[in-house]
Amino acid sequence: MRITDCDKTELIAYTDASYDDKEKIAGWGVVIQIRRGGVTKEHAYKSYLPCSNNNFAELFAIHQALILLAGSKYRKSDTEVIILTDSQTSLDYINGLRGREYERKHMKEWTKQQWINHKRMQLYAYRINKMCVGTPCQFIKVKGHCRDFREAHLVNNLADTYAKIGRSLYYMQKKARER
């Protein structure tokens with residue numbers, strides 16, 4: 001039996017985050033597409049997390065996408081996983097471009113909290129890379145917040161919307177607690 005392109009499964013995740021600097025809270029959104037046999041199934045996830053910056057939330061969203069895809073019944077060792085994000089910083093951390101040279105460049109400028117944030121980002125990037133061992137993973141940059149009507153841009157905007165909805169969940173819970 002020969003595997004055709006119709007039998008091939010593609011797992012695609014679009015990730016985004018929405019950050020509120022005043023509240024130090026970020027919403028994250030993930031839209032997962034499972035393409036198989038010419039049919040695309042789409043699932044969306046959203047929530048929020050307390051964090052110190054938007055870049056951490058962007059990495060967190062990518063990490064969540066990989067966790068969600070790991071549980072997919074369609075994921076096999078040879079199934080390619082494609083993650084699309086509008087965060088170049090996240091991609092730089094995942095690809096190791098924010099390593100020793102980056103640290104030396106900023107050594108005198110950074111505060112203690114910035115160093116802690118940087119190390120936390122490196123740890124999440126390490127976790128993301130560990131989750132990709134044995135599975136072909138591809139990380140792609142997509143332009144964010146654009147009015148382009150190609151699928152990648154539309155679904156990225158959808159992930160952005162879910163990130164904002166995730167952040168609004170925090171506000172609703174906060175408002176309910178204040179009553």
* Filtering segment 93-146 down to residues that are open to solvent by less than 40 Å² (accessible area, probe 1.4 Å) and free of Cβ contacts under 8 Å to residues at least 24 places away in the same chain, which residue is nearest to LEU59 (Cα to Cα)? -> HIS118
* Look at segment 153-170 and say how many of its residues are more than 18 Å from PHE139 (Cβ to Cβ) and β-branched (Val, Ile, Thr). => 2
* To do: Return the total of residues in segment 29-48 being open to solvent by 20 Å² or more (accessible area, probe 1.4 Å), closer than 23 Å to ALA125 by Cα and not polar (S, T, N, Q).
  => 4
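In segment 49-88, what residues are over 22 Å from LEU154 (Cα atoms) and among the polar types (S, T, N, Q)? Steps first, please.
Within segment 49-88, the subset over 22 Å from LEU154 (Cα atoms) is 49-53, 56, 67, 70-79.
The answer is SER52, ASN53, SER72, SER77, THR79.
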* Does LEU154 qualify as being modelled with pLDDT under 85, in a helix (DSSP H, G or I) and surrounded by fewer than 16 Cβ atoms within 10 Å (Cβ to Cβ)? -> yes
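The values are calculated or read from the model by the stated rules, or taken from the named source; none is laboratory data. Note that the structure is a prediction, hence the values are computed from the model and not measured. Please note: Cβ atoms are built from the backbone with ideal geometry, for glycine as well, and neighbour counts cover all protein chains shown. SASA here: full protein model, heavy atoms, side chains in, ligands and nucleic acids out. Shrake-Rupley method; radii C 1.70, N 1.55, O 1.52, S 1.80 Å.
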